[in-house]
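Notes for the one structure printed next.
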Amino acid sequence: MSFGSLVSKLVKQGKSKEAATKIAGAVANAKMKGAGSGPTAKQKARSKGNSPLDLKDACYKKVKAQYKVFPSAYASGAIAKCRKNKGKK
């Protein structure tokens, strides 16, 4: 629905032209911001498979078994080191 048609519809419902224009402007701004629409299908597809939580490879499992306190700076460094060395083989 266009801005002008929304204003005319609101005027027919008994709103003043000024009030109808303000309401239509608020509706247009909300639509431009994408209020409540959430991510699009394209955005969802792009985000699948790239999450750091999906990177539970051999290095992740090896380091997790090695360290008592797993989510730590030492463990993160060990994962990075393992992955770096893995690429050189």
### Query
Is the stretch 64-71 home to any residue that is hydroxyl-bearing (Ser, Thr, Tyr), at pLDDT 85 or above and part of a loop (DSSP other than H, G, I, E, B)?
yes
### Query
Thr40 fails exactly one of the following numbered conditions: (1) of a type in the set (Ser, Thr, Tyr); (2) at pLDDT below 70; (3) surrounded by 11 or more Cβ atoms within 10 Å (Cβ to Cβ). What is the number of that condition?
(3)
### Query
Ala20: under 27 Å from the mean Cα position of the chain (by Cα), surrounded by 11 or more Cβ atoms within 10 Å (Cβ to Cβ) and at pLDDT below 90, yes or no?
no
### Query
Quick one: how many residues across the stretch 9-31 are of a type in the set (S, T, N, Q) and touching a residue at least 12 places away in the same chain (Cβ under 8 Å)?
1
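The values are calculated or read from the model by the stated rules, or taken from the named source; none is laboratory data. Please read all numbers here as calculations on a predicted model, not as lab measurements. Here the Cβ is made from the backbone with ideal geometry for all residues, glycine too, and neighbour counts use every protein chain on show.
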